[in-house]
Every structure is written in C-alpha cells, then in structure tokens.
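A quick write-up on the structure given underneath.
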Amino acid sequence: MTLAVADRGIELYLPDLAPRLAPSSHWNFNDGSTNATPAIDSESWAHGTSVAGLAAAEGNNGLGMVGVAPGAQLASWVVFTTNGLL
C-alpha cells in the first residue's frame, strides 16, 4: 500500500522515513518536478514530514516512534503553492 502525503513536502532522507519511501511516486505539482521536499527548512514547513511520521515511521530501529501503518510506503506530493513565500 502506498500512502501519499499531499502537503508542503516530506523530508525524504530522515532515517525513520527513508525506508518507507515508494520509488518514483513523489511529485511537486507546483513546478512539475519530482523534488517533493519542503521548499523552506523551517518548523512551519515541516507539517508534511510530521504527518508522514505519524502515518508510516519505520519501527524497531531505535529511533523515535512507530507510525500507525509502519508497513506502508510513502509518496510525497507537494500541493501547496510556494509563490511569494520563498
């Protein structure tokens, strides 16, 4: 099962999330690219990452928490426009 997080992006290389990533499923609807990471590195832009962790964080790795669907694959979809916010 692949769960798409439609938000401002997911920090794809976090150790709790990287093992859960679905290959070739990330999309940035704003610029038409596969770069589905947050445009700005700040807490206010981390909502998608937080949602992804709650949903599917890797379990039994000694880091943080376990998501409610730890076997799910994750796709990051950037759907909120960044125009004027960069």
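Just so you know, all these numbers are worked out from the coordinates, no wet-lab data involved. Remember, it's a predicted structure, so these values are computed and weren't measured experimentally. Cβ atoms come from the backbone with ideal geometry, glycine included; neighbour counts cover every protein chain shown.
A few notes on this one:
- Only Lys, Arg (+1) and Asp, Glu (-1) charged, at Cβ; the chain dipole about Cα centre in debye: 180
- Antiparallel DSSP beta bridges within the chain, percent to nearest 5: 10
- Each listed q (0.26 Å⁻¹) maps to a log10 I(q)/I(0) for the chain from the Debye sum over equal C-alpha point scatterers, namely -1.27.
- Net charge, L17 excluded, C-beta distance under 12 Å - Lys, Arg +1, Asp, Glu -1: -2
- Rounded tilt (10° steps) of 47-56 against the dominant C-alpha axis of the chain: 30
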